[in-house]
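A quick write-up on the structure given underneath.
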Amino acid sequence: MQQQKRQPELVEGNLPVFVFPTELIFYADDQSTYKQVLTLYNPYEFALKFKVLCTTPNKYAVVDATGAVKPQCCVDIVIRHRDVRASYYGVIDKFRLQVCEQSQRKALGKKEIIATLLPSAKEQQQQQKEEEEKRIKEHLSESVFFEQTLCQPENRTASSGPSLLTVFLGIVCIAALMLPTLGEMESLVPLYLHLSVNQKLVAAYVLGLITMVILRT
């Protein structure tokens, strides 16, 4: 009964295949990367048969290209790059991992894995580092831009107040108007600090100008 219910779903060929990693990168200057391992997982309650195919089989050696994996187990598939040459740098090859039920021949599911040969692991790491630094710089420049944009209203408010010189002149004019006028004999202020009427008019005029400037800002 269970086999009959499960069978129509399996023969559709859409069975998910779980394999890690999904990308293989080989580096010409690092022989330790010539050997890569694919791990095939079987989370199902039935055993699976698998087969590994490749678009360029002359460049790779696959250890145990066919085999089986028990229910809820995993198996490692070793892939070796055996033809490292400069003309293959950057060329993308593809592996296809097909699985089927042990009692079936038709593929129930498949998964493609890409493989690439690069000239140098150091160059790749340097490139990744430069890209990461570029992203960080762009992020920082955007942060500074937004920070400056947010601070502009505050800066305008702070700089829109009266200057120190304007305030000082205003205080001097007020003090001049408070000094006694020439001819006042009963003042305790020394005579040389007595101002004429014309001097006080000038001080009043300047104070009026300063007041207008302060009100406008």
- Where Y27 falls short, out of the listed (1) open to solvent by less than 30 Å² (accessible area, probe 1.4 Å); (2) closer than 28 Å to Q124 by Cα; (3) aromatic (F, W, Y): (1)
- Query: Do the conditions hold for E123, that is, is it at pLDDT below 90 and either part of a loop (DSSP other than H, G, I, E, B) or exposed (fewer than 11 other Cβ atoms within 10 Å of the Cβ) (or both)?
  - Reply: no
- Message: Residues to consider are I174, I210, I214, I136; find the one that is more than 30 Å from L53 (Cβ to Cβ), open to solvent by 60 Å² or more (accessible area, probe 1.4 Å), touching a Leu at 6+ places or on another chain (Cβ under 7 Å) and at pLDDT 75 or above.
- Response: I174
- Task: Mind counting the residues in region 190-207 that are open to solvent by less than 50 Å² (accessible area, probe 1.4 Å) and either in a loop (DSSP other than H, G, I, E, B) or in contact (Cβ under 8 Å) with a residue 60 or more places away in the chain (or both)?
- Result: 2
- Note on the structure: So, first residue in a loop (DSSP other than H, G, I, E, B) and modelled with pLDDT of 85 or more in region 3-32, second residue surrounded by 12 or more Cβ atoms within 10 Å (Cβ to Cβ) and among the small types (G, A, S), Cβ within less than 6 Å, six or more apart or across chains; the pairs are L15/G109; V17/G109; D29/S120; D30/A121
- When region 105-120 is checked residue by residue, the ones that are part of a loop (DSSP other than H, G, I, E, B) and open to solvent by 70 Å² or more (accessible area, probe 1.4 Å) are R105, K106
- Going through region 139-167 one residue at a time, which ones are exposed (fewer than 11 other Cβ atoms within 10 Å of the Cβ) and modelled with pLDDT of 65 or more? H139, L140, S141, E142, L164, L165
- Message: Checking the conditions here, which among Q102, Q98 is of a type in the set (S, T, N, Q) and exposed (fewer than 14 other Cβ atoms within 10 Å of the Cβ)?
- Response: Q102
- Query: Among the residues of region 65-95, how many are assigned to a loop (DSSP other than H, G, I, E, B) and open to solvent by 80 Å² or more (accessible area, probe 1.4 Å)?
  - Reply: 4
- Applying the selection to region 38-56, what residues are touching a strand residue (DSSP E or B) at 6+ places or on another chain (Cβ under 7 Å), more than 17 Å from I92 (Cβ to Cβ) and surrounded by fewer than 20 Cβ atoms within 10 Å (Cβ to Cβ)? T39, Y41, P43, F46, A47, K49, K51
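The values are calculated or read from the model by the stated rules, or taken from the named source; none is laboratory data. Here the structure is a predicted model, which means the values were calculated and not measured. A quick note on method: Cβ atoms are made from the backbone with ideal geometry, for glycine too, and the neighbour counts reach across all protein chains shown. Side chains are part of the model used for accessible areas, which takes the heavy atoms of the whole protein and leaves out ligands, DNA and RNA. Shrake-Rupley method; radii C 1.70, N 1.55, O 1.52, S 1.80 Å.
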